[in-house]
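These notes are about the structure you will find just below.
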Amino acid sequence: MSAVAHYRRGCRDRPHPKIHLSLLLSSLPMSLSHDETKDLLKRLIFGDSPSDEWVQDVWALSPTLGETAARLVDAFDGVVDCTQPEKLENLLNGFYQEQLEE
């Protein structure tokens, strides 16, 4: 089921890992699994809220924007799934390096 269909039905059954920033930063030098990298990228984008909650919040403000938000999450998931794990990890490391420098 696509995220758009998921949110139209009002489902909230997607899991969200809770990751503390200190654990996250300490684990970055080590190799991460594809799923871990994807979860950390989502954490950077959506903060402490799971992506499905973010879409629900946007949907509550405007169904039109909510549908766009759901498509954005679907696109993100698709791009991440197609990208080589090493490239995703390099991207993630770059983002966290920028945050440390701020």
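Annotations
- Subset of region 92-102 (residues that are open to solvent by 100 Å² or more (accessible area, probe 1.4 Å) and in a helix (DSSP H, G or I)): 98, 100, 101
- Region 79-91 residues that are open to solvent by less than 90 Å² (accessible area, probe 1.4 Å), paired with ones that are assigned to a helix (DSSP H, G or I) (beta carbon under 6 Å, 6 or more apart): 80/38; 85/34; 88/37; 89/37
- Here 57, 48 are screened, and the one residue that is assigned to a helix (DSSP H, G or I) and either modelled with pLDDT of 90 or more or loosely packed, with under 10 Cβ neighbours inside 10 Å (or both) is 57.
The values are calculated or read from the model by the stated rules, or taken from the named source; none is laboratory data. What you see is a predicted model, and the numbers here were worked out from it, not measured in a lab. Every residue, glycine among them, receives a Cβ derived from its backbone with ideal geometry; neighbour counts consider all protein chains shown. Keep in mind that these areas ignore ligands, DNA and RNA; they rest on the heavy atoms of the full protein, side chains included. Shrake-Rupley method; radii C 1.70, N 1.55, O 1.52, S 1.80 Å.
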